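A short write-up of the structure that comes next.
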Amino acid sequence: MKKLFTAMMALALVFAFGKANACTNFLITKGASTDGSCMISYAADSHVLYGELYHYPAADHEPGAMRDVYDWDGGAYLGQIPEVAHTYNVVGNMNEWQVAIGETTYGGIEALWGGQGVIDYGSLIYITLQRATNAREAIKIMGELVYNYGYVSEGESFSICDTEECWILEMIGKGKENKGAVWVARRIPDGYVSGHANQARITTFPLASRKCKTSITFKNIDKLLKDKNIDCVYADDVISFAKEMKLYNGPDDKFSFSDVYNPVTFDGARFCDLRVWAMFNKVTDNMNEYWGYATGRDIQRVQPYTANMCQTPDNFPTNRMPLWVKPNKQVSVLDMMDFMRDHLEGTELDMSKDFGAGPFHCPYRWRPMDWEVDGVTYVHERTTATQQTGFSFVAQSRGYNPFGIIWFGVDDTDNCVYCPMYTCMAEIPESYREGNGSMSEWSETSAFWTFSQMSNWAYTKYNYIHPEIRKRQREMETKWVEKLVPELDKKVEAIKGRDGQVLEMTRFSCNAANELCASWKRFYHELFMKYMDGNLNTAQPTKPGSKYTPIKSEHPKYSDEYYRILIEKTGDKYKAY
């Protein structure tokens, strides 16, 4: 190590209310899915992220070719690394081999950010997708990239899947004076589901040094590809580095990655792990026992946690949620889409049920999430579905089919429609294409602006407008999942030659996406006319010989609850005498 941190180092945690509260991932193993697919979902949440579908076409590269690396968040040039001979086709966050990668930023110890090197978390994802043929190879590549070229981002959790397996890999850098990263990767047991949402989730893990035959360190990384029994791999110095930096004092077998590099606070539980709890609660029983932890109200420890201290096992929470759970029933791709649309419905924190929801029960709160009144701090909830999503997806790695699908949506997950994009496709549909609009440039053919316009309209009269959106959304997604995609799969299977198959799938995805965007725009026009000026306008039958369609205009009133609160706050000000 070039420099040791002192015991007085700042153990600053970036939960609070910035980037570390962005993004949600869920993971479904093949044995836990209805059709034997492995699935991961990802919501890329940022107030300034424009939703578009990235594309990296397959390519061959000359010996000695170099690749420019740019920071994914800001576009800054980071440097160069050697290119490989061949890179694979990547559509969004999934490649032609059906390898998919998502992420959530947990931040962690601030002193470990901004290490030396040229690899940020975004380039780590997209470079790996262009080089990996399966999830295990992706983990190997990610470990080698940060080892050889350094890691410059904050703490990250990554979801990685292929047609057979799902993995979680958690990583954090070594600080400005050091190169590389410390990390742990764990395979989700088949038949189980998992998730992460801006709080590191891997706690203790099996140690190779304890002669565990299913765990290896990075120096033995090739065993990961050769031995399918390996279900845990980690950086050689993930524990020794923590001890050297005075972050951990305890036995190796009690070491917890999350509790050392990303200690749980109220923010990490309430704003982050609560989203994972909400998904787990939909698929399994007994999640109520973790409610105190997930809400941040009861994080149990043997000894109190204090920042700026060396952690010991006694400082670790004793009531954390499990890393994975077994669902009561298998999960479908439509279920996964709905997991991404949660607002804590059915719990005491359902944001549509309190006065903050307004007269039309809108389950959204505008930022900031924390607010203070009379010296007391309060919070709004951070739910899976949120207004500031740039794009989201459900990646479906289908072992029964040679071609994977990334179900892609833009803007708020609650109001988007997940459109099937085959990851072998050679062209991106115009409506989702990079460069078709931006956060400062409107485009009439942009899917992002089309869906954002609809979402913002829905927020104004949510309990009237959103049910109509939900009905149309479910009809379209169900038709694709149950009818159109299976029909296309059969059609493609009958086509001889991969080129012809790719052409057909590209045509299907482009047509589906562009038609969706055009039809959603028309749908917005219908709903705008129907709910304009606070009214409910519906067309009536046209009388014979009339040149106009009569409109019935109704005036939905505010809820009785809202009226009562209004009276409570204003007294007799509005009373009719």
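Just so you know, all these numbers are worked out from the coordinates, no wet-lab data involved. Every value quoted in this text rests on a predicted model; they were computed, and no experiment measured them. Methodologically, a virtual Cβ is constructed for each residue, glycine included, from the backbone with ideal geometry; neighbour enumeration extends over all protein chains shown.
Here are some notes:
- Exposure proxy shown here: for CYS416, CYS517, the number of other Cβ atoms within 10 Å sets the order, fewest to most, as CYS517, CYS416.
- Rounded to the nearest 20 debye, the dipole size of the range 258-309 about its Cα centre is 120 debye, using +1 on the Cβ of Lys and Arg and -1 on the Cβ of Asp and Glu.
- Label-point gap, in nm, between ASP252 and THR570 - each point 7 angstrom along Cα→Cβ: 7.0
- Partnerless cysteines, meaning none of the other Cys C-beta atoms lie under 4.7 Å away, in the chain: CYS23, CYS212, CYS232, CYS272, CYS310, CYS362, CYS416, CYS419, CYS424, CYS510, CYS517
- Taken along its three principal axes, the alpha carbon spread of the range 227-374 comes to 56, 51, 25 Å, from the longest extent down to the shortest.
- Stretch gain in nm, segment TYR56-GLU493, where the contour uses 0.36 nm per residue and the Cα spacing is subtracted: 154.8 nm
- Calculated FRET value between ASN328 and GLN300, using beta carbons and R₀ = 35 Å, to 0.05: 0.85
- Straight-line cross-link reach from LYS543 at under 24 Å between alpha-carbon atoms covers these lysines, not counting any fewer than eight positions away in the same chain: LYS530, LYS552.
- Cα pair count fraction exceeding 13 Å, expressed as % - the range 25-78: 78
- Rounded, prolate or oblate (a/c below 1.5 giving rounded, otherwise prolate when a/b exceeds b/c) for the range 402-447 by Cα gyration tensor: oblate
- Compared with the dominant principal axis of the Cα atoms in the chain, helix 462-479 is inclined by about 70°.
- Share, in percent, of DSSP beta bridges within the chain that are antiparallel, nearest 5: 90
- Residues ARG507 and HIS555, FRET efficiency given R0 of 51 Å [Cβ-Cβ distance, rounded to 0.05]: 0.60
- Remark: relative contact order (the chain) = 15 percent; criterion is Cα-Cα distance under 8 angstrom and separation of 6 or more residues.
- Charging the Cβ of each Asp and Glu at -1 and of each Lys and Arg at +1, and nothing else, the dipole of the range 452-577 about its Cα centre rounds to 340 debye.
- Projection of the Cα convex hull of the chain, averaged over all directions and equal to a quarter of that hull's surface, yields 32.2 nm².
- Cβ-derived FRET efficiency at R0 51 Å, ALA518 paired with SER209, nearest 0.05: 0.30
- Think of each Lys and Arg Cβ as +1 and each Asp and Glu Cβ as -1; about the Cα centre, that makes the dipole of the range 375-431 roughly 260 debye.
- TYR548 paired with SER440, simple spin-label distance in nm, labels 7 Å along Cα-to-beta-carbon: 4.6
- Gained length - PHE355 relative to LEU484, 0.36 nm times residue gap less alpha-carbon distance: 42.2 nm
- The helix-based estimate of mean residue ellipticity at 222 nm for the chain, built from -39,500 (n - 2.57) per DSSP H run of four or more residues and divided by its residue count, is -8000 deg cm²/dmol to the nearest 500.
- In this label model, HIS86 and HIS47 are separated by 4.6 nm, measuring between points 7 Å along each Cα→Cβ vector.
- Cα gyration tensor shape of the range 146-301, rounded if a/c is under 1.5, else prolate or oblate by comparing a/b with b/c: oblate
- Residue among PHE158, PRO363, ILE202 farthest towards the positive dipole end of the chain, charges placed on Cβ: PRO363
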